[in-house]
Amino acid sequence: MAGEVRVPINTDIDIVAARQQGRDLAARIGFAGSDLTVIATAISEVSRNIVSYATRGELLFHAVEEPTRRGIVVIARDDGPGIGNVDDALRDGFSTGNSLGLGLPGARRLMDDFEVVSTVGKGTTITMKKWIR
């Protein structure tokens, strides 16, 4: 199975690179068609949040295999300001910036598993999984 891929996120160009590398790994794992677009879109959303709110961070991608399923894990982490209220941040329309507030809730809807761990002043880690159907 494919190994871990790490992409530093500092600028808009890095978002494009993360999207492509995540999509490429997903294809090697066995995803196809619209699932590749869904995964790339979720990667774009969490990467955009790093650039917009934390300035820099990284994305990690790797394959995951369980007895009855396999998929991709995407981990977005940063040492930014953190999220004061994760429940609010996951609600459609909520934004502390000048956005529509659809990034995190949208990414959560696109992926099968979604977890946010954030500490104000220390940063945020988002772990997302998508399973091959």
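Take the residues in the range 1-28 that are among the aliphatic types (A, V, I, L, M) and at pLDDT below 95; name whichever of them is surrounded by the most Cβ atoms within 10 Å (Cβ to Cβ). Walk me through how you get there before you give the answer.
Restricting attention to the range 1-28, the residues satisfying the condition of being among the aliphatic types (A, V, I, L, M) are 1-2, 5, 7, 9, 13, 15-18, 25-27.
Narrowing the set further to residues that are at pLDDT below 95 leaves 1-2, 5.
Numbers: MET1: 10, ALA2: 15, VAL5: 17.
Within the range 1-28, the match that is surrounded by the most Cβ atoms within 10 Å (Cβ to Cβ) is VAL5.
Among the candidates VAL46, VAL64, single out the residue that is touching a residue at least 40 places away in the same chain (Cβ under 8 Å) and either surrounded by 16 or more Cβ atoms within 10 Å (Cβ to Cβ) or hydroxyl-bearing (Ser, Thr, Tyr) (or both).
Numbers: VAL64 fails: either surrounded by 16 or more Cβ atoms within 10 Å (Cβ to Cβ) or hydroxyl-bearing (Ser, Thr, Tyr) (or both).
Just one listed residue meets the conditions, VAL46.
Residues of the range 6-41 being within 14 Å of ARG77 (Cα to Cα) and either hydrophobic (A, V, I, L, M, F, W, C) or out of contact with any strand residue (DSSP E or B) (no Cβ under 7 Å at 6 or more places or on another chain) (or both), which ones?
Once the filter is applied, which keeps residues that are within 14 Å of ARG77 (Cα to Cα) and either hydrophobic (A, V, I, L, M, F, W, C) or out of contact with any strand residue (DSSP E or B) (no Cβ under 7 Å at 6 or more places or on another chain) (or both), the range 6-41 yields VAL7, ILE9, ASN10, ILE15, ALA18.
Condition (residue is out of contact with any strand residue (DSSP E or B) (no Cβ under 6 Å at 6 or more places or on another chain) and closer than 15 Å to ASP113 by Cα) applied to the range 70-86: is it met by at least one residue? Give the derivation first.
Start the filter on the range 70-86 by keeping residues that are out of contact with any strand residue (DSSP E or B) (no Cβ under 6 Å at 6 or more places or on another chain), which leaves 70, 81, 84-85.
From what's left, closer than 15 Å to ASP113 by Cα: 70.
Looking through the range 70-86, at least one residue is out of contact with any strand residue (DSSP E or B) (no Cβ under 6 Å at 6 or more places or on another chain) and closer than 15 Å to ASP113 by Cα.
The values are calculated or read from the model by the stated rules, or taken from the named source; none is laboratory data. Fair warning: this is a prediction, and the values are worked out from it, not measured in the lab. In this analysis, Cβ positions are derived from the backbone assuming ideal geometry, glycine residues included, and neighbour counts consider all displayed protein chains.
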